[in-house]
Amino acid sequence: MKHIRLRDLDVSRIGLGAMGMSHGYTGFGTDDEQSVRTIHRAIELGVTLIDTAEVYGPYTNEELVGRALKGRRDQVVLATKFGLISHSGRESGPDSSPASVRAAVEGSLTRLGTDYIDLYYQHRVDPGTPIEETVGALAELVAEGKIRHIGLSEAGPDTIARAHAVHPVTAVQSEYSLFTRDPEARVLPVLRELNIGFVPFSPLGRGFLTGAIRSPEQFAADDFRNDNPRFSGENFQHNLDLADRVAAIAAEIGATPGQVALAWLLAQGQDIAPIPGTRRVARVEENTAADSLQLTEEQLARLSALPAAAGDTHNPAQMKLMER
Ligand SMILES: NC(=O)c1ccc[n+]([C@@H]2O[C@H](COP(=O)([O-])OP(=O)(O)OC[C@H]3O[C@@H](n4cnc5c(N)ncnc54)[C@H](OP(=O)(O)O)[C@@H]3O)[C@@H](O)[C@H]2O)c1
């Protein structure tokens with residue numbers, strides 16, 4: 001597995017997102033032993049970047065990741081997130097007040113069974129707390145050795161620059177894939193100017209780009225894609241056609257559609273480390289193999305020219321929390 005640097009943090013350029021093991025997607029929480037085996041297989045295959053968050057579950061995903069990493073902690077770059085749950089008495093999140101951050105980190109350390117977090121992200125920008133105060137609290141946690149690097153998620157260019165002026169930001173994690181090209185216009189240029197790494201989440205378009213999703217009826221009642229505009233009504237067919245065009249290129253070169261989607265992302269820069277999510281061993285093997293898939297300039301150009309996915313990437317309440 002090739003490695004890249006997110007600023008000064010060395011990571012495998014394909015990571016593993018653990019969210020779907022405990023949260024959001026059809027089948028979450030039904031086979032934790034398989035999820036643990038998936039994490040172990042990922043590490044065997046050279047994956048170092050493991051991604052979780054306090055809010056996944058909530059809490060159960062960090063517990064699962066902590067269990068899987070027993071005896072393997074020093075082999076990974078462990079990333080988690082705070083800020084969608086309030087620990088300071090607000091009725092609900094987002095809450096990135098210093099008091100909430102301080103409480104959140106203690107909980108995450110306990111659940112993850114570790115005494116340091118490699119990369120600690122603010123999950124969403126908190127309109128109720130100036131970013132300078134949040135990053136000030138994070139800088140103290142760095143000084144105390146509880147966290148090693150600071151990250152932001154779905155933050156806009158202004159927030160990123162303000163945060164970075166207080167303490168270096170190592171990475172920004174936002175949605176980026178053949179379905180979601182938004183970061184290209186405003187966020188990636190700022191990251192490159194400031195030498196901040198980029199971690200694309202949902203790099204497989206929440207499963208759509210693998211070709212495995214053919215109908216919304218595949219989703220269980222508790223699958224969060226049921227109220228996601230990309231997966232509803234006419235948008236579904238438009239996006240299915242788009243996924244089929246990726247699958248056509250994959251068929252030409254004997255790769256899987258998911259591998260092509262990941263290889264396209266990897267070709268977008270040496271500062272990019274996507275974190276495809278799966279709870280299955282065979283799929284982590286498939287996804288990590290994208291590391292050795294080299295697309296031609298012509299294939300990359302055809303993929304880059306695909307139209308955007310139809311529909312917002314989240315429901316309206318969640319969209320309000322994203323700085324774009
Ligand atoms: N910062 C944020 O706000 C944020 C938001 C969302 C996600 N994330 C992080 O990013 C990670 C990845 O994003 P994501 O999980 O939302 O989306 P994703 O990686 O685009 O897609 C995950 C979905 O694709 C399926 N899948 C994975 N590999 C596959 C393959 N080879 N063939 C067929 N299906 C496959 C998975 O199902 P199975 O599990 O059944 O294989 C799952 O349903 C998450 O785990 C999480 O850590 C962060």
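For region 43-104, what does the accessible surface come to per residue with a 1.4 Å probe? Please give it in Å².
Details: 2360 Å² over 62 residues.
Per residue, region 43-104 has an accessible area of 38 Å².
For a distance above 27 Å, tell me the whole-number percent of Cα pairs in the chain that qualify.
Details: 20817 of 52326 pairs.
Of the Cα pairs, 40 percent sit more than 27 Å apart.
What FRET efficiency comes out for Asp312 versus Arg186 if R0 is 22 angstrom and r is the Cβ-Cβ distance? Round to the nearest 0.05. Don't jump to the answer; show the numbers that get you there.
On the way: r = 17 Å, r/R0 = 0.79.
After rounding to 0.05, the efficiency reads 0.80.
Using only Cα atoms and rounding to the nearest 10 degrees, what angle (0 to 90) does helix 233-253 make with the longest principal axis of the chain?
70 degrees
With a sphere of radius 15 Å drawn around the Cβ of Asp271, what net charge do the other residues whose Cβ falls strictly inside it have (Lys, Arg +1; Asp, Glu -1)?
+1
In Å², and per residue, what accessible area does region 175-324 have when probed at 1.4 Å with the other protein chains present? Kindly include the intermediate steps, with their values, before the conclusion.
Values: 6490 Å² over 150 residues.
In whole numbers, region 175-324 has 43 Å² accessible per residue.
With a 10 Å radius around each residue's Cβ, average the other Cβ atoms per peptide and rank 27-38, 187-198, highest first.
Result, highest mean Cβ count within 10 Å first: 187-198, 27-38.
Give the carbon-plus-sulfur fraction of the accessible surface of the chain in %, rounded to a whole number; probe 1.4 Å, heavy atoms of protein chains only.
Numbers: 6440 of 12770 Å².
The C+S portion of the solvent-accessible surface of the chain is 50 percent.
Can you tally the net charge around Ser153? Count Lys and Arg as +1, Asp and Glu as -1, for every other residue whose Cβ sits under 11 Å from the Cβ of Ser153. Each step should come with its number before you reach the end.
On the way: positive: Lys81, Arg124; negative: Asp51, Glu154, Glu175, Glu323.
Around Ser153, the charge tally is -2.
What distance in nm separates the simple spin-label points at Arg5 and Met319, each placed 7 Å from Cα in the Cβ direction?
3.9 nm
The values are calculated or read from the model by the stated rules, or taken from the named source; none is laboratory data. Predicted model, so just to flag it, every value in this text is computed and none were measured. FYI the Cβ positions are ideal-geometry reconstructions off the backbone, even for glycines, and counts take in every protein chain you see. Calculation scope for accessible area: heavy atoms of the full protein, side chains included, ligands and nucleic acids excluded. Shrake-Rupley method; radii C 1.70, N 1.55, O 1.52, S 1.80 Å.
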